[in-house]
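Here is the structure we will look at, set down as C-alpha coordinates.
The values are calculated or read from the model by the stated rules, or taken from the named source; none is laboratory data. Treat the numbers as computed from the prediction; the structure is a model and nothing was measured. When we count neighbours, we look across all protein chains shown, and the Cβ atoms used for this are built from the backbone with ideal geometry, even at glycine. Only protein heavy atoms, including side chains, enter the accessible area calculation; ligands, DNA and RNA are left aside. Shrake-Rupley method; radii C 1.70, N 1.55, O 1.52, S 1.80 Å.
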Amino acid sequence: MVLATRKFDSPDAARADRLVDAVSESGAGVPPADGLLSAHFSVSVDGSQVFDCALWVSADAHRRAVENRSAGLETNVRWRQAHAWPGLVGTVFQRFRPLLRLTPSHR
(Lines give C-alpha, C1' and ligand atoms only; values in the text may rest on other atoms or scores of the structure.)
Protein backbone atom coordinates (compact mmCIF):
# COMPACT_ATOMS: atom_id res chain seq x y z
CA MET A 1 0.00 0.00 0.00
CA VAL A 2 1.17 3.52 -0.72
CA LEU A 3 -0.17 6.51 1.15
CA ALA A 4 0.38 9.73 -0.78
CA THR A 5 -0.21 12.77 1.40
CA ARG A 6 -0.63 16.07 -0.40
CA LYS A 7 -0.30 19.09 1.88
CA PHE A 8 -1.62 22.60 1.24
CA ASP A 9 -0.41 25.94 2.52
CA SER A 10 -3.73 26.54 4.32
CA PRO A 11 -7.06 24.80 4.95
CA ASP A 12 -9.53 24.92 2.05
CA ALA A 13 -11.88 21.96 1.69
CA ALA A 14 -13.27 23.08 -1.68
CA ARG A 15 -9.76 23.41 -3.14
CA ALA A 16 -8.84 19.94 -1.84
CA ASP A 17 -12.02 18.46 -3.35
CA ARG A 18 -11.18 20.05 -6.70
CA LEU A 19 -7.70 18.51 -6.57
CA VAL A 20 -9.19 15.04 -6.09
CA ASP A 21 -11.48 15.69 -9.07
CA ALA A 22 -8.51 16.82 -11.17
CA VAL A 23 -6.42 13.76 -10.28
CA SER A 24 -9.36 11.48 -11.11
CA GLU A 25 -10.05 13.25 -14.40
CA SER A 26 -6.38 13.18 -15.38
CA GLY A 27 -6.41 9.38 -15.39
CA ALA A 28 -9.46 9.11 -17.65
CA GLY A 29 -8.52 7.52 -20.95
CA VAL A 30 -5.02 6.59 -19.74
CA PRO A 31 -4.36 2.94 -18.86
CA PRO A 32 -3.55 2.51 -15.16
CA ALA A 33 0.09 2.06 -14.21
CA ASP A 34 1.33 -1.52 -14.19
CA GLY A 35 0.76 -2.93 -10.75
CA LEU A 36 -1.85 -0.41 -9.55
CA LEU A 37 -4.82 -2.24 -8.04
CA SER A 38 -6.91 0.60 -6.62
CA ALA A 39 -6.78 4.15 -5.27
CA HIS A 40 -8.98 5.71 -2.61
CA PHE A 41 -8.98 9.42 -1.84
CA SER A 42 -9.83 11.17 1.41
CA VAL A 43 -9.72 14.86 2.30
CA SER A 44 -8.92 16.05 5.82
CA VAL A 45 -11.87 17.71 7.52
CA ASP A 46 -10.29 21.16 7.24
CA GLY A 47 -9.11 20.59 3.66
CA SER A 48 -5.42 21.07 4.46
CA GLN A 49 -4.46 17.61 3.21
CA VAL A 50 -5.51 15.05 0.62
CA PHE A 51 -4.75 11.40 1.20
CA ASP A 52 -4.50 8.86 -1.61
CA CYS A 53 -4.36 5.31 -0.30
CA ALA A 54 -3.37 3.18 -3.28
CA LEU A 55 -2.95 -0.58 -3.39
CA TRP A 56 -0.09 -1.84 -5.55
CA VAL A 57 1.14 -5.33 -6.26
CA SER A 58 4.50 -4.30 -4.77
CA ALA A 59 6.56 -1.32 -3.63
CA ASP A 60 8.73 -1.81 -6.72
CA ALA A 61 5.69 -1.45 -8.99
CA HIS A 62 4.95 1.91 -7.36
CA ARG A 63 8.58 3.05 -7.69
CA ARG A 64 8.61 2.13 -11.38
CA ALA A 65 5.35 4.00 -11.97
CA VAL A 66 6.71 7.15 -10.31
CA GLU A 67 10.08 6.97 -12.06
CA ASN A 68 8.76 6.02 -15.52
CA ARG A 69 5.48 7.83 -16.02
CA SER A 70 3.68 7.02 -19.22
CA ALA A 71 3.85 9.46 -22.11
CA GLY A 72 0.06 9.73 -21.86
CA LEU A 73 0.36 11.27 -18.41
CA GLU A 74 3.31 13.52 -19.18
CA THR A 75 1.38 15.16 -22.03
CA ASN A 76 -1.92 15.27 -20.12
CA VAL A 77 -2.68 18.90 -19.24
CA ARG A 78 -5.05 17.94 -16.42
CA TRP A 79 -2.40 15.66 -14.87
CA ARG A 80 0.21 18.44 -14.96
CA GLN A 81 -2.28 20.87 -13.41
CA ALA A 82 -3.10 18.42 -10.60
CA HIS A 83 0.59 18.17 -9.71
CA ALA A 84 1.10 21.94 -9.69
CA TRP A 85 -2.16 22.75 -7.87
CA PRO A 86 -2.46 26.21 -6.30
CA GLY A 87 -1.41 26.11 -2.66
CA LEU A 88 0.07 22.60 -2.89
CA VAL A 89 3.30 22.69 -0.89
CA GLY A 90 4.34 19.07 -1.12
CA THR A 91 3.55 15.42 -1.55
CA VAL A 92 4.97 12.67 0.65
CA PHE A 93 4.82 8.97 -0.21
CA GLN A 94 4.80 6.32 2.48
CA ARG A 95 4.96 2.65 1.55
CA PHE A 96 3.47 -0.04 3.76
CA ARG A 97 3.56 -3.81 3.55
CA PRO A 98 0.66 -6.06 4.45
CA LEU A 99 0.85 -7.97 7.68
CA LEU A 100 -1.60 -10.62 8.71
CA ARG A 101 -1.31 -12.63 11.87
CA LEU A 102 -3.80 -15.29 12.68
CA THR A 103 -4.01 -16.62 16.18
CA PRO A 104 -6.09 -19.49 17.39
CA SER A 105 -9.19 -18.55 19.31
CA HIS A 106 -9.11 -19.19 23.03
CA ARG A 107 -11.94 -21.31 24.32
Ranked from the most accessible area to the least, with a 1.4 Å probe and all protein chains present, what is the order of LEU37, LEU102, LEU73? LEU102, LEU37, LEU73
Where does the charge balance sit around GLN94 when Lys and Arg score +1, Asp and Glu -1, over other residues with C-beta under 15 Å from its C-beta? +4
Per the 1/(1 + (r/R0)^6) rule, R0 = 30 Å and r from the Cβ atoms of ALA13 and LEU102, FRET efficiency to 0.05 is 0.15
Before anything else, pin down the relative contact order of the chain: Cα pairs under 8 Å, at least 6 apart, normalised by residue count, whole percent. 43
Placing one identical point scatterer on every Cα of segment 5-107 and ignoring solvent, what is log10 I(q)/I(0) from the Debye formula at q = 0.17 Å⁻¹? -0.84
